[in-house]
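Contents: one structure, followed by commentary.
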Amino acid sequence: MSDPRQAARAIDALRRGWPIRIGALALLPIETADAVRLAAFDAADNAPVLLSAGRAVTLKLANQLEAAVPDAPVLVDRAPWLDFAAATALADPQLDLATPLKGPFRAIHLDHPQDAAAALRLARIAGLLPAFFVLPDGAGEVTITPADIDAHEDAIRLTIAARARLPVAHAEDAEIVAFRTPESPGEHVALVIGAPNGQPPLVRLHSECLTGDALGSLKCDCGPQLDAAIRTIEASGWGILLYLRQEGRGIGLVNKLRAYALQDQGHDTVDANTRLGFAIDARDFGVAARMLALLGQHRVRLMTNNPAKVAGLEAAGISVTERVAHALPPNPHNARYLATKRDRTGHQL
């Protein structure tokens, strides 16, 4: 039987740099561990390195089939010179220009692909680079199964934690509702604007963007989209803005900043995410569907340019009666970003 609490314990261990065990594999996170912990974990110096296919493509280790699934697992043979410092450079593509990689690298057979894929998925949830030293017979501080991770991410565990009246700029008649799960440290939020009037609410799914929402970043259109969505919902009579804690399309703040560094090296947002070893879009819109269901709304008008949001809600049981376009003019800093969303991720701008 799966236990979602075990995944939370494993995430805590990974962020502390401790080894964990998933199924048949013991794994030491490269980002948060160090050379001393590696020596304790792998005294024989023969643990291979687990990376994502997206990163392996950069190292010429993945074929085209693997490259199509950037968060799939790839195992790299442990060369004699592959110490902790070399593994760190291997794991983080933003260091490629500063740290010439020795190579050549050799991909080897992966005996437990489901456990390895679960490890990469857990790294994403933890906000860490998906890269590990791996030992089939090693020990971990926490032992979990892939099913524990699935249960941890199950949107059905989301509940309403608190709610209160919250007048905001552009919508004084508003209520804020906070949602959380027993294991997650972050809360998702809904801003309910106006009062139900018998019509499907106008709904906006807005993924958290610290740089855009709070700091006024010009690299994206998140801040202006947030303000415009509140204005539009208020003008429509009533609706709901869901503020989802899925920073950087689900890869977390630190990895989003790594993606920014790769963009400064010339990569677009899609290539930056896949080179880091993440899916192009790792967000879970089932969370949004659960929030709407808890608010008693099963039919909505959705303000979006992203067909994946429509599909995600409908797959989770929310009927989208209308898609309402939500586009703002570009600026010189985000024009390429918006073009990438249109040309490579299917946004209908």
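The values are calculated or read from the model by the stated rules, or taken from the named source; none is laboratory data. Owing to the predicted nature of the structure, the values given are computational and were not obtained by experimental measurement. For neighbour counting, all protein chains shown are included, and Cβ atoms are generated from backbone atoms with ideal geometry for every residue, glycine included. Remember, those area values only see protein heavy atoms, side chains included, never the ligands or the DNA or RNA. Shrake-Rupley method; radii C 1.70, N 1.55, O 1.52, S 1.80 Å.
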**Message:** Tell me yes or no: at least one residue of the range 231-248 is more than 18 Å from His326 (Cβ to Cβ) and touching a helix residue (DSSP H, G or I) at 6+ places or on another chain (Cβ under 8 Å).
**Reply:** yes
**Message:** Cβ-Cβ under 6 Å, sequence separation 6+ or interchain: first residue in the range 57-84 and at pLDDT below 70, partner in a loop (DSSP other than H, G, I, E, B). Which pairs?
**Reply:** Glu66/Ala72
**Message:** With the requirement that a residue be open to solvent by 70 Å² or more (accessible area, probe 1.4 Å) and in a loop (DSSP other than H, G, I, E, B), what does the range 170-205 give you?
**Reply:** His170, Glu172, Asp173, Pro182, Pro185, Pro196, Asn197, Gly198, Gln199
**Fill in**
Residue hits (the range 254-276; under 12 Å from the mean Cα position of the chain (by Cα) and either charged (D, E, K, R) or more than 19 Å from Leu120 (Cβ to Cβ) (or both)) are Lys256
**Request:** Could you list all residues from the range 40-58 that are open to solvent by less than 10 Å² (accessible area, probe 1.4 Å) and part of a loop (DSSP other than H, G, I, E, B)?
**Result:** Asp42, Ala47
**Asked** Residues in the range 150-169 that are in contact (Cβ under 8 Å) with a residue 24 or more places away in the chain and either part of a loop (DSSP other than H, G, I, E, B) or closer than 15 Å to Ala293 by Cα (or both): how many?
**Response** 11
**Prompt:** Glu208 fails exactly one of the following numbered conditions: (1) surrounded by 15 or more Cβ atoms within 10 Å (Cβ to Cβ); (2) modelled with pLDDT under 90; (3) under 30 Å from Leu90 (Cα atoms). What is the number of that condition?
**Reply:** (2)
**Complete:** Selection over the range 242-260 where residues are open to solvent by 10 Å² or more (accessible area, probe 1.4 Å) and over 16 Å from Gly54 (Cβ atoms) yields a count of 8
**Asked** Any idea how many residues of the range 261-275 are open to solvent by less than 10 Å² (accessible area, probe 1.4 Å) and in contact with a Pro (Cβ under 6 Å, 6 or more places away or on another chain)?
**Response** 0
**Prompt:** Among the residues of the range 313-349, which ones are part of a helix (DSSP H, G or I), modelled with pLDDT of 70 or more and open to solvent by 60 Å² or more (accessible area, probe 1.4 Å)?
**Reply:** Glu314, Ala315
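For the range 174-197, which positions are among the acidic types (Asp, Glu) and within 25 Å of the chain's Cα centre (by Cα)?
Looking only at the range 174-197, we keep the residues that are among the acidic types (Asp, Glu), and these are 175, 183, 187.
Answer for the range 174-197, where residues must be among the acidic types (Asp, Glu) and within 25 Å of the chain's Cα centre (by Cα): Glu183, Glu187.
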